[in-house]
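The values are calculated or read from the model by the stated rules, or taken from the named source; none is laboratory data. This one's a predicted model, so the numbers in the text were calculated from it and none came from an experiment. Every residue, glycine among them, receives a Cβ derived from its backbone with ideal geometry; neighbour counts consider all protein chains shown. Heads up: the accessible areas ignore ligands, DNA and RNA and are worked out on the full protein's heavy atoms, side chains in. Shrake-Rupley method; radii C 1.70, N 1.55, O 1.52, S 1.80 Å.
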Amino acid sequence: MPEMIAPKVLNFASILDDTTRRQAAEISSLPFIHPHVALMPDAHAGKGSAVGTVIPTVDAVIPAAVGVDIGCGMIGVATSIGRNDLDGFDLADLRRRVESTIPLSPGNYNETVRFPHTQARIAELEESASDNDVDLSHSPKWREQLGSLGGGNHFIELCEQVGSGDTGTIWLFLHSGSRGVGNKIAQKHIRVAQDRCRREHIGLPHPDLAYLDSGTAEFDDYIRELRWAQRFAFENRAEMMDRFISVFDVWLGDNGFRTPESIEVRRINCHHNYTENVEIADKAVWLTRKGAIDASAGTYGLIPGSMGTRSYVVRGRGNEPGLFSAPHGAGRRFSRTKAKKLFTLDDLAEAMKGIEYRHGREWIDEIPAAYKPIDQIMDDARDLVEVEAVLTQLLNVKGT
C-alpha cells in the first residue's frame, strides 16, 4: 500500500533510497504543487528531482523536471509471427541488419533521408515547427536525427510473449526519445527558468527546480517547443519501428519464411518523460511525468525491464492517488560508475545467457543487477496497472 512519507509525497515504492526521499520532499515543498507528488515503484535519484516522480503543478511547469530527453518513451508492436516460426533462424544476422539500418549511440545520425515515411514525418515536423514558431536554429541536423536510437538505456529488442494470453507471439520493442534536438530545447528553457528565478530572487530547494509561470511569454515559448519535442520523440520511435518491421520482414523472407500480408497486428507508443494539461482533484494542473507512464483507466502502456529481464504490456487502472500514472521501467539501483566497479563482463554474459546481444564492456553498466528487480516493481504497481502481457527477450540492440 502507498504511504505518505512527507506532507505532500505519496510513495508507491518498496525500495527507496534517502536521496530520492529528499528530492521528493524538496519538490513537494513548492507552493504550486496540487494535491501531492507521487513516487512510482521505480523511483530513484535524478538531477534536481527523482526519476519516477509524478508532479502536478498549478499555473507553473519545471523544465528540468520534465528533463532533457523530452518525450522519451516506449513503442511496442505485436506481430503475426510466432516463436516457433523463428526456429533455426540466425538472430545474430537480424541484429546486424538492425544495427546497419538504425543509427545507434549519441551523435550518430542518418547520413541521408532514404525512406518515404521518413520524408513524410520530417515534412510534418517542419510544418509544425513553422506554424508554432519553434526555434530549431540550435539543431541544424535535427532531420538527420529522426530515426536514430541514442545510447544509455535506450534499446531495440525482439521479444516473445510468455505466460497467459497469446503465448509465443513475437513483439518488436523499442525505447528512445527526442535525441539531440530535444536536449537542446530542454537546456535552453532550463536556463531561462533559472535566470528568471535568480532575477526575481525566488528561493528554491535546488536550482533544477526553477520554474516558469503560466501567463508569461517564457512559459508559452516553453510549452510550444516542448510539445514539438514530444511529437518529435513520438515520431522518432514510430520511424525506427517502421524500419525495424521492414528489416524483420526481409530477414524472415531471406530465411525462407513466407511472411503474412501484415506483420504488424497492434502498436502502442507512449511517453514517459513529458507534461500535459489535465484536471486532478478539481483543479487544472500541468502533470509532469518524470519517468512514468499514463495509467488512466483503460490506457495501454509499456513497462520495460532492464536488458535480460522481462517487460510488461499493461492497462491503466485509473488510480487517482497515484495521479493516474505507473512506473516506466525497473529504475536504477546503482549508478553507472558504481555498476562498472561492481560487475564484470562475465557477469553480463551470464545475465544475458540465451539472448542475442552485442558483447562488450560498454554495456556492463546496463547489467540487470544495476537495476531494481522488475518483478518487485510490478508487484508495487498492482494498484496502478493491470498486466496484459509479459515479454521475454530474444534479441537486444543497444548503442554505447
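When the GluC sites (Glu not before Pro) in the stretch 71-138 are filtered for DSSP coil states and for at most 12 other beta-carbon atoms within 10 Å of their beta-carbon, the remaining sites are E111. Within the accessible area of the chain, the carbon and sulfur atoms contribute 47%, probe 1.4 Å, all protein chains present. Ignoring aspartates and glutamates fewer than eight residues from K141 along the same chain, the ones with Cα atoms less than 12 angstrom from its Cα are E111.
For the pair K47 and I202, the difference between a 0.36 nm per residue extended length and the Cα-Cα distance amounts to 53.8 nm. If you keep only loop residues by DSSP, which trypsin sites (Lys or Arg not before Pro) in the stretch 340-379 have at most 10 other Cβ atoms within 10 Å of their Cβ? Filter output for the stretch 340-379: K353. For the chain, the longest principal axis of the C-alpha atoms and the axis of helix 217-254 are separated by about 10°. Our summary gives the chain a relative contact order of 25 percent, counting only alpha carbon pairs under 8 angstrom and 6 or more residues apart.
Taking Cα atoms, how many degrees apart are the long axis of helix 116-131 and the longest axis of the chain, rounded to 10 and kept between 0 and 90? Tilt of helix 116-131: around 10 degrees.
Run lengths n ≥ 4 of DSSP H only: what is the helix-derived mean residue ellipticity at 222 nm for the chain, with -39500 (n - 2.57) per run over all residues, to the nearest 500? The helix-only estimate for the chain comes to -10000 deg cm²/dmol at 222 nm.
Of all DSSP beta bridges confined to the stretch 1-106, the antiparallel ones make up roughly 70%.
Using a Förster radius of 35 Å, what is the FRET efficiency between A123 and N255 based on their Cβ-Cβ separation? Nearest 0.05, please. Step by step, r from the Cβ atoms, then E = 0.50. Full extension of the chain between V113 and S214 yields a length gain of 32.5 nm, computed as 0.36 nm times the residue separation minus the alpha carbon distance. So how tilted is helix 179-199 from the main axis of the chain? Cα-based, degrees 0 to 90, rounded to 10. So the helix axis and the longest Cα principal axis differ by about 10 degrees. Show which lysines lie in cross-link reach of K290 when reach means a straight Cα distance below 26 angstrom and same-chain residues fewer than eight apart are skipped. Within the straight-line cut-off, K290 pairs with K8, K47, K184, K188, K338, K340, K372, K398.
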